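The values are calculated or read from the model by the stated rules, or taken from the named source; none is laboratory data. All values derive from a computational prediction rather than experimental measurement. Heads up, the Cβs are rebuilt from the backbone with ideal geometry, glycines too, and the neighbour counts pull from every protein chain shown. Ligands, DNA and RNA are excluded from the accessible area calculation, which covers all protein heavy atoms including side chains. Shrake-Rupley method; radii C 1.70, N 1.55, O 1.52, S 1.80 Å.
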Amino acid sequence: MSSDTPAYLNGRFLPLSEAQIPVMDRGFIFGDGVYEVIPGYGGHLFRLDQHLQRLSHSLDAIKIRQPLSDAEWLSILSRLVAQCPGPDRSLYLQITRGVAPRAHSFPLNTTPTVFAMAETLSPPSQSWLTEGLSAITQADIRWQRCDIKTTALLANVLLRQAAAQAGADEAILLRDGQAIEGAASNLFVVRNGIVVTPALGHKLLHGVTRDLVLDLCRNENLPVSEEPISEGDLSNAEEVWLTSSTREVLAVTRLDGKPVGEGEPGPLWQRVHQAFQRHKAALRQQGSPAQTGP
Ligand code: PDD
């Protein structure tokens with residue numbers, strides 16, 4: 001992130017180094033806000049409609065009014081994309097409840113703080129693609145509403161840090177005997193040749209990349225199932241994958257220090273990864289940020 005990262009704050013476009021918010025912003029004091037991370041492939045904003053739907057879901061869930069229309073978001077994000085170098089970008093946007101005296105309960109009439117920035121998005125490293133990721137399992141210490149994409153990420157931060165300190169790339173979270181998702185990614189396993197990912201609900205984030213990977217599997221005629229993944233399913237999986245906007249779809253090849261399957265990215269992952277790359281290339285061809293599908 002450089003000081004001239006293009007940013008937007010409360011109606012103004014400005015360099016990131018000039019973007020400032022008051023310390024009494026409830027986002028700073030309480031983590032009282034929500035966010036999105038949206039990849040831009042070429043000039044094309046990846047599944048913008050779905051990201052904005054999830055943003056609306058998060059805002060509604062924490063009772064912040066929608067500060068901008070979808071058309072206004074498209075205009076802001078398109079301008080940030082145009083100002084950001086590189087073939088691909090990562091758009092970050094955040095809305096907090098705004099400035100108020102410190103009290104847990106919130107006034108209903110605050111003006112939300114609206115922030116966005118565009119950074120260059122690097123593809124996953126070659127070693128991640130050829131060797132896969134390492135992961136550790138951790139107890140899921142997060143709250144009961146993991147479907148809300150809130151900036152209150154302390155549990156996720158501690159869990160990812162535990163992975164980093166163990167020399168791993170991600171923590172896979174276990175709750176009530178089930179593997180739920182990663183600290184910042186959704187989880188897939190291959191079990192008896194079937195691609196399995198947990199069904200949506202309050203326990204996990206409704207990942208936009210997760211949805212694309214399910215679509216790609218179906219296009220590849222791979223059997224998919226949205227159902228619980230037990231701890232046993234995870235440790236005996238033929239393949240384990242993680243998906244996110246910044247990491248795409250990556251194979252986990254070491255879990256808690258033991259090899260997953262053959263200890264290298266598996267054959268189904270190879271197919272889905274290649275389909276993902278073809279999908280990205282097709283989006284880049286489309287070019288225009290105003291085009292939001294497929
Ligand atoms: N995080 N689950 C969690 C807890 C996440 O934080 C993320 C993404 C995902 C994947 O969602 P998507 O495919 O829509 O990116 C699942 C982002 C990238 C972040 O916090 O930076």
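Structural remarks
- Cβ-Cβ under 9 Å pairs, at least 6 apart or on other chains, the stretch 48-65 side on the phi > 0 side of the Ramachandran plot, far side part of a loop (DSSP other than H, G, I, E, B) and buried (at least 16 other Cβ atoms within 10 Å of the Cβ): LYS63/ARG97; LYS63/PHE106
- Within the stretch 116-127, residues that are open to solvent by 50 Å² or more (accessible area, probe 1.4 Å) have Cβ atoms under 9 Å from residues that are basic (Lys, Arg) and not in a strand (DSSP E or B) in these pairs: PRO123/LYS280, counting only partners at least 6 apart in sequence or on another chain.
- Comparison of LEU214, LEU200 shows that the only residue that is at pLDDT 95 or above, touching a Lys or Arg at 6+ places or on another chain (Cβ under 9 Å) and not in a strand (DSSP E or B) is LEU200.
- Against the criterion of being open to solvent by 10 Å² or more (accessible area, probe 1.4 Å), within 20 Å of the chain's Cα centre (by Cα), more than 19 Å from PHE106 (Cβ to Cβ) and away from the ligand (no atom under 16 Å from the Cβ), LEU74 qualifies.
- Taking the stretch 189-224 as the range and being closer than 29 Å to LEU153 by Cα, more than 12 Å from the ligand (Cβ to nearest atom) and surrounded by fewer than 19 Cβ atoms within 10 Å (Cβ to Cβ) as the test, the residues that pass are ALA199, GLY201, HIS202, ASP215.
- Check on THR253, touching a residue at least 60 places away in the same chain (Cβ under 8 Å) and away from the ligand (no atom under 16 Å from the Cβ): yes
- Condition check for GLN83 on (1) within 16 Å of the ligand (Cβ to nearest atom); (2) more than 17 Å from THR151 (Cβ to Cβ): one failure, at (1).
- Residues in the stretch 225-250 that are more than 15 Å from the ligand (Cβ to nearest atom) and surrounded by fewer than 19 Cβ atoms within 10 Å (Cβ to Cβ): 10 in all.
- Number of positions in the stretch 143-157 that are open to solvent by 30 Å² or more (accessible area, probe 1.4 Å) and among the charged types (D, E, K, R): 1
- Within the span defined as the stretch 257-271, one or more residues are among the charged types (D, E, K, R) and in a helix (DSSP H, G or I).
- The stretch 191-211 residues that are farther than 27 Å from GLY40 by Cβ, paired with ones that are aliphatic (A, V, I, L, M) and open to solvent by 50 Å² or more (accessible area, probe 1.4 Å) (beta carbon under 9 Å, 6 or more apart): none
- Hits in the stretch 130-188 (condition: over 26 Å from ILE64 (Cβ atoms), touching a residue at least 60 places away in the same chain (Cβ under 8 Å) and within 10 Å of the ligand (Cβ to nearest atom)): GLY182
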